Amino acid sequence: AGVHRQILFATVGWFVGYYLAKRTEYVHAKLDRDLFEYIRQHPEDFKAAEKRRIGELLEDFYPVR
């Protein structure tokens, strides 16, 4: 007697999950679009960092004996 309820709840759950996933993708895509547009309009705030070698990033290694 409860199989029809399980099928109904599974179907409703699938549709709600699908809608929430699509909405989340839309919100993140909109935020990305706005941020990239801001970066494009204000390049002076986002200057490319100079490239450094890996040896400049890591500390010197001194083995402990």
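Below, the figures for the structure above:
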item	result
Expected 222 nm ellipticity per residue - DSSP helices of 4 or more, -39500 (n - 2.57), all of the chain, to 500	-23000 deg cm²/dmol
Rounded to 10°, Cα long-axis angle of helix 3-41 versus longest principal axis of the chain	30 degrees
Rounded accessible area per residue of the stretch 3-44, 1.4 Å, Å²	97 Å²
Carbon + sulfur, % of accessible area of the chain - ligands and nucleic acids excluded, 1.4 Å	61 percent
Residue-count net charge about Arg53 - beta-carbon cut-off 15 Å; Lys, Arg +1, Asp, Glu -1	-2
Positive dipole terminus of the chain, leading residue within Phe36, Tyr26, Gly55 (C-beta point charges)	Tyr26
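The values are calculated or read from the model by the stated rules, or taken from the named source; none is laboratory data. Note that the structure is predicted; figures quoted are calculated from it, not measured. We place every Cβ from the backbone using ideal geometry, glycine too, and count neighbours over all the protein chains shown. Ligands, DNA and RNA are excluded from the accessible area calculation, which covers all protein heavy atoms including side chains. Shrake-Rupley method; radii C 1.70, N 1.55, O 1.52, S 1.80 Å.
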